[in-house]
1. Might you let me know whether the stretch 68-77 holds any residue that is under 20 Å from residue 183 (Cβ atoms) and small (Gly, Ala, Ser)?
2. Of a type in the set (D, E, K, R) and at pLDDT below 90, is that true of residue 217?
3. What are the residues in the stretch 153-184 that are touching a residue at least 12 places away in the same chain (Cβ under 8 Å) and over 20 Å from residue 2 (Cβ atoms), if any?
4. State the number of residues belonging to the stretch 224-249 that are assigned to a loop (DSSP other than H, G, I, E, B), without any contact (Cβ under 8 Å) to a residue 40 or more places away in the chain and either at positive phi or of a type outside the set (A, V, I, L, M) (or both).
5. Can you tell me which residues in the stretch 123-134 are crowded, with 17+ Cβ neighbours inside 10 Å and on the phi < 0 side of the Ramachandran plot?
6. Can you tell me which residues in the stretch 204-223 are of a type in the set (A, V, I, L, M, F, W, C) and surrounded by 13 or more Cβ atoms within 10 Å (Cβ to Cβ)?
7. Working only within the stretch 195-208, note down all residues that are touching a residue at least 24 places away in the same chain (Cβ under 8 Å) and either of a type in the set (S, T, N, Q) or more than 11 Å from residue 80 (Cα to Cα) (or both).
8. Out of (1) in contact with an Asp or Glu (Cβ under 9 Å, 6 or more places away or on another chain); (2) at pLDDT below 90; (3) closer than 26 Å to residue 8 by Cα; (4) aliphatic (A, V, I, L, M), what's the single condition that is false for residue 239?
Amino acid sequence: MKIIVCMKQVPSREASLRINPEETWIKEEDIALETNESDVYALEAALQLKEKLGGEVVVCTLGPASAQTLLREALAKGAERALHLNDPAFRRLDAFGTARVLAEVLKKEAFDLVLTGLQSDDQGFAQTGVILAELLNLPHTTLVMGLEPLEGGSQMKIKRELESGWFQWLEVPLPAVLSIQSGINQPRYASLKGIMGVKKKEMKVIDLAATGLSTDDLKPKQRIQKIYAPQKTKQTEFLQGSAKEVAEKLVAKLKNDARVI
């Protein structure tokens, strides 16, 4: 089985974020970066499937030169090849543009399965995997919490997370695109042998020309107009009435306004 894992490098959750002068995004210079959390689980899911069924895991990312750190780590964990989509035209693409570039690249790979993380930790749109499946004209399901190959290898049994603690089981024909939820497994660490073997593995850099697309094809479908830090406010409210009435009002406030219960 050939599995493609789409991954993304995002600002570290421990990084101090500052808004750029245009107020359209954060300042990305000298900021600590890490692999998107749900993408780590997607990679582990792919590696576990490879160990069961054999085959190849190919990791793919769209980003600047720093994203090669992510790819090297994935190769050290057990992926066989890496695809690095790097071009100035790919900078700040929206979900549709990212999916468009990925689709053109992945069409040239005879894959059985594409795994993505559920959503990115920086923007959190949860749309790239969905749009990618549509552009590839493949079945797709999201919020995947479990996957099991069925006998014959032409289908995958999927466990999806629903609301209120419910789950749904589906049988999805292959090839397909699946968006993986965090917590599906226990991600592994790279071994010393894996780290030493990275330099022997292929990391292919792909630019805009290699995709066959033009900058006009990547015009954004959406635009961030402004981002800003939340405004901190304080407000005190006294609840009047009997002890029972105050308790009822407090519970309603916590449930409907604060939404902590």
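1. Yes.
2. Details: of a type in the set (D, E, K, R): yes; at pLDDT below 90: no.
For residue 217, the condition - of a type in the set (D, E, K, R) and at pLDDT below 90 - is not met.
3. Hits for the stretch 153-184 are 159, 160, 161, 162, 167, 169, 170, 171, 181, 182, 183, 184.
4. Step one: list which residues in the stretch 224-249 are assigned to a loop (DSSP other than H, G, I, E, B), which gives 224-242.
Keeping just the survivors that are without any contact (Cβ under 8 Å) to a residue 40 or more places away in the chain gives 230-242.
From the residues that got through so far, the ones that are either at positive phi or of a type outside the set (A, V, I, L, M) (or both) too are 230-238, 240-242.
Matching residues across the stretch 224-249 total 12.
5. Step one: filter the stretch 123-134 for residues crowded, with 17+ Cβ neighbours inside 10 Å, giving 126-133.
Passing the criteria: 127, 128, 129, 130, 131, 132, 133.
6. As a first pass, look at the stretch 204-223 and keep what is of a type in the set (A, V, I, L, M, F, W, C): 205-206, 208-210, 213, 218.
205, 206, 208, 210, 213, 218, listed by residue number.
7. Narrowing the stretch 195-208 to residues touching a residue at least 24 places away in the same chain (Cβ under 8 Å): 195, 197-198, 201-208.
If the condition is that a residue be touching a residue at least 24 places away in the same chain (Cβ under 8 Å) and either of a type in the set (S, T, N, Q) or more than 11 Å from residue 80 (Cα to Cα) (or both), then 195, 204, 205, 206, 207, 208 are the ones that fit.
8. (3)
The values are calculated or read from the model by the stated rules, or taken from the named source; none is laboratory data. No experiment lies behind these values; they were computed from the predicted model shown. Every residue, glycine among them, receives a Cβ derived from its backbone with ideal geometry; neighbour counts consider all protein chains shown.
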